[in-house]
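Taking it in order: structure first as structure tokens, then the write-up.
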């Protein structure tokens, strides 16, 4: 502040008599002129007043000052002018923030204080208790005055805070909850209470806190916090900055080292902050106060403190995540240990499922790292973690690595890790491209014959590296695909075997699509029983569930997909949840429940916040479209297919199921040429990739259905026969669907046994929708042969199943082709609970076979009983079920017993 600045402020608007005011201004002008010319006056520091200065020694500032001093004369005249006013009124001189006063004004005020004992003149000064100053001798001089009284003013208690609130917001009802909120936020500091009031009704702040868990304080409050710090002194401000940066870690020794202050100075500053009610113990009393301090710091200073905090914490052995949080806030570091700490920190926080923070740590590590091998490792790990919640972002990281490969920026030994990245996203084209690049480089290096060639051959481009990848990702298939372990010797423990094993190493994505064999199924289920969901186990788990699904174990696949879906939700991993929701939808569809499949696909799509940018979403859309077509929601499937999909989807496994779903949409609206084009394209791509698995993509059957509509029965028959030959014996669903289509292709006398076989296979497979289709065709076959009773029975069961499945198109077809009204209404209007009927085992077996369409003589021969016994069991079953005959047998009876003799 400029010399005599406080005195000039005191005279502004003081209401003094005109003559007195003029005199005082004249004296201050003379004082300023004298100081400007250096003619006379006290030029020492205020601190020397208490250490032999003029007042202490009876000099010009004291009551016995020399009358010849120019300043002493002006001070006496200034004081006398005030005394003149004080003769008939009380004169109060008030100065706040005395610690900031200029020395010249302070000298005048000290003179007035020492010469006004018997006058009506009151001097009131506001000073900060813990403000550290180099020149604080004025406090001693004031204390020497006999009429001086020191009053300590603390913040308000709860009662005082309540009174202040009532004054500020008289129309707001005062509740204990509101008072608790205000007191927790302000500590009774009137400045903070008023600032909070200035931001609007405090009750609204309380409501915001209830909703968000954190009050949304504004600029007024933040500014008030900074004023509190400023008035507490520069040392308190330094300590407050350190506290704001360290937060929960603000141990006193660490705090003093961070702030680079002596222990005693830091302790005094802490006392000042406690007095202002800004902190409690070593922490800010509320996160909003801490935010106000952080926001008030210069960005460069804040980053410097965070970096220093990271350095100190690392030196003291703090956890990697603790130090890394400060590195992240600093945004930079030249320290050699920083990259290692950030990578370790990512794994630490990932253990608590804080994957977004883990990605932030790795992003910073990538920016700070100069080692090319480490940089690729960091990006690969980032992509793996992003898959938890941001599959689209994970794919973009993988695409960035592919561009780096094209630019020659990726070390050769890192290529197989990038192959793995594309494999887990089912992006076959990119995986094949990188795999080919790795093998080419391995071959070239091997031909060169150098040390690099040897390293490449064993660690990157060789079949050993691919085998190790398969071992890690698909351990349930390890024994069957890779052969027995090698005995003795060093290097890889993998022995390659011919045919399928060779194919898997050439096309490792085939396992991710659910390749199944009997020995795989046992190993897959064993893996699912003993595996916990993590980044490393996600792919083995998903492929094992696919193995169960495509081997016909739909109930087990449904159980495990549901179980791991719940596990993914517990981890808060939406990307994982979407993946398992898609698997659960596949299972539901394979069980003939398109409504359930629709529900799970919609839930999975909703989990992906990035919209349709991920190929995973395209896969979910494919499943949803298939469900919508089965349910008759053709408009819904059209809307889904009209949504844009990423171009990368057509180079992925999801692209095949997407094109197949689109083909079925075309088929549903009778666009046969478009459907045929899509189905044929799916087949060509699947064969090119070595992924021609009818359990996953029965594209030949799809093509055959189109050909049947076009009248090309022979070609349709050939394709379906080829498909049946390629289907494993354990996949009854695909075999049943194939036999149904084959029955339509061959026609004549061969149709009935084929459809009967299809019904039996689909019943055992548990797909009620496909069973309904097969039974509908079976009814048609019986009708063409003139067996009206069997036709009606099969059609009725098909109608009931279609109704259960919500398959409106199939139900409409049955309505059109059969006389629904002739069946009666008991079966579906008054269903009988089989469990309440208490059928004996024999009655249940006989009734089950009757419900499947077998005649009494057929049942007799299958169960090795007489026809009369069959009739007796049926009669008792009808009575217990309260029905009139076999046409009203509940359709669920078909699924109540296992296949009988």
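Coordinate-derived values only; no laboratory data. As the structure is a computational prediction, the values presented were derived from the model and not from experiment. With ideal geometry, Cβ positions are generated from the backbone for all residues, glycine too; neighbour counts draw on all protein chains shown.
Once the chain from residue 669 to residue 319 is taken as fully extended at 0.36 nm per residue, the excess over their C-alpha distance is 119.8 nm.
If you take the beta carbon distance between residue 36 and residue 77 as r and set R0 to 22 Å, what does 1/(1 + (r/R0)^6) give as a FRET efficiency, to the nearest 0.05? Efficiency for this residue pair is about 0.70. With the convex hull of its Cα atoms as the shape, segment 568-644 has an orientation-averaged projected area of 4.6 nm². Pop the C-beta distance of residue 643 and residue 399 into the FRET formula with R0 = 22 Å and round what comes out to the nearest 0.05. The pair residue 643/residue 399 has a calculated efficiency of 0.55. On full extension, the segment bounded by residue 352 and residue 175 gains 59.8 nm, given 0.36 nm per residue less the C-alpha separation.
At 7 Å along Cα-to-Cβ for each site, give me the label-to-label distance between residue 227 and residue 144 in nm. With each label point 7 Å from Cα toward Cβ, the separation is 3.6 nm. Peptides 605-618, 166-179, 24-37, 329-342 ranked from most to least packed give 605-618, 329-342, 24-37, 166-179, packing being the mean of other C-beta atoms within 10 angstrom over each peptide's residues.
Modelled spin labels at residue 2 and residue 204, positioned 7 Å past Cα toward Cβ, are 4.2 nm from each other. Protection proxy ranking, highest mean first, for peptides 114-120, 180-186: 180-186, 114-120, where packing is the per-residue count of other beta-carbon atoms within 10 Å, averaged. Overall size of segment 250-386 from C-alpha positions, given as principal axis extents largest first: 52, 27, 26 Å. If r is the Cβ-Cβ distance from residue 11 to residue 168 and R0 is 30 Å, what FRET efficiency results, to the nearest 0.05? Here the calculated transfer efficiency is 0.40.
Compute the projected area of the convex hull of the Cα atoms of segment 102-209, averaged over all viewing directions, and report it in nm² to one decimal place.
Taking the Cα atoms of segment 102-209, their convex hull projects to 9.9 nm² on average.
The listed peptides 776-789, 80-93, ordered by packing as a protection proxy, come out as 776-789, 80-93 (highest mean of other Cβ atoms within 10 Å first). Remark: spin-label model distance residue 868-residue 635 equals 6.2 nm, labels positioned 7 Å along the Cα→Cβ axis.
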